[in-house]
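The values are calculated or read from the model by the stated rules, or taken from the named source; none is laboratory data. Everything numeric in this text was worked out from a predicted model, so none of it was measured. Glycine also receives a Cβ, built like all others from the backbone with ideal geometry; neighbour counts cover every protein chain displayed.
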Amino acid sequence: MSYDSRLQGMIAMAIGMGSENAYEGLETVQNAEQSRGTCRLPRDMRPSQAAFETLGFTFTDIGDDVLFEATLPKGWSTQELPGSSILRANLLDSKGRVRGSYRYKGSFYERYGHMSLIERYRLTDQYEDGSINVVVIDEDGSVIFNAGRCEETFTEEYDKLVAKAEEYLMDNYPEWKDATKYWD
């Protein structure tokens, strides 16, 4: 346990004792730690730190095993998502498009973070009227290719539709699995 973790634990205990509400003490310390995340981003990155750096992120090691000090690419911002004790936020590019996301939990007793980038074009399933459409979508969710419909996943028919969608992606966007490609 680090010095910071011990100090956070003592602060949480003091707040909890003062308010006679242990949960309030834990929440106060966790929220204070998470609010520090505005210039700090998780070290655990997918697909890789190099992919984030390709987009213009810079990272400075601050001796924290969960977070880096980070600078976003020019024009990028974060958009916090409400409704959780875990800080969840989208990474928005200079055009306001969601390019990735991150999660961070700053409590001293369970501290973690991770972030990831998304691809511009993605293969996904859309469920409608009891059946499944295998489609390729653009970043805004619009369907750009419909491989077809089937009744169930994990069937030969479904696998053929997935292969058809992947073929479309390879023909039109050969680097579709690279989250740094096709955005501009």
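Give segment 101-145 a look and list any residue that's crowded, with 20+ Cβ neighbours inside 10 Å, modelled with pLDDT of 95 or more and among the small types (Gly, Ala, Ser), or say none.
Gly113
Of these, Ser85, Ser116, which one is part of a loop (DSSP other than H, G, I, E, B), of a type in the set (Ser, Thr, Tyr) and closer than 28 Å to Met45 by Cβ?
Sole residue among the options that is part of a loop (DSSP other than H, G, I, E, B), of a type in the set (Ser, Thr, Tyr) and closer than 28 Å to Met45 by Cβ: Ser85.
In segment 89-100, how many residues are surrounded by fewer than 16 Cβ atoms within 10 Å (Cβ to Cβ) and either under 11 Å from the mean Cα position of the chain (by Cα) or under 14 Å from Arg40 (Cα atoms) (or both)?
Result for segment 89-100: 1.
Pairs, please: C-beta under 9 Å, at least 6 apart or cross-chain, first residue under 18 Å from Phe154 (Cα atoms) and in segment 129-143, second hydroxyl-bearing (Ser, Thr, Tyr) and surrounded by fewer than 17 Cβ atoms within 10 Å (Cβ to Cβ)?
Pairs found: Ile132/Thr153; Asn133/Tyr127; Val134/Thr124; Val135/Thr124.
Could you grab the pairs with beta carbons closer than 8 Å, sequence gap of 6+ or different chains, first residue in segment 55-73 and within 22 Å of Ile118 (Cα to Cα), second one assigned to a loop (DSSP other than H, G, I, E, B) and among the aromatic types (Phe, Trp, Tyr)?
Gly56/Trp76; Ala70/Phe57; Thr71/Phe57; Leu72/Phe57; Pro73/Phe57
A quick yes/no check of all residues on (1) in the same structural domain as Pro47 (by TED's automatic domain parsing); (2) assigned to a strand (DSSP E or B); (3) among the basic types (Lys, Arg):
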site: Gly100; (1), (2), (3): yes, yes, no
site: Asn133; (1), (2), (3): no, yes, no
site: Asn146; (1), (2), (3): no, yes, no
site: Lys160; (1), (2), (3): no, no, yes
site: Asp178; (1), (2), (3): no, no, no
site: Lys181; (1), (2), (3): no, no, yes
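Please specify each residue of segment 65-75 satisfying the condition of being assigned to a loop (DSSP other than H, G, I, E, B), in contact with a Lys or Arg (Cβ under 8 Å, 6 or more places away or on another chain) and buried (at least 16 other Cβ atoms within 10 Å of the Cβ).
Matches in segment 65-75: Val66 only.
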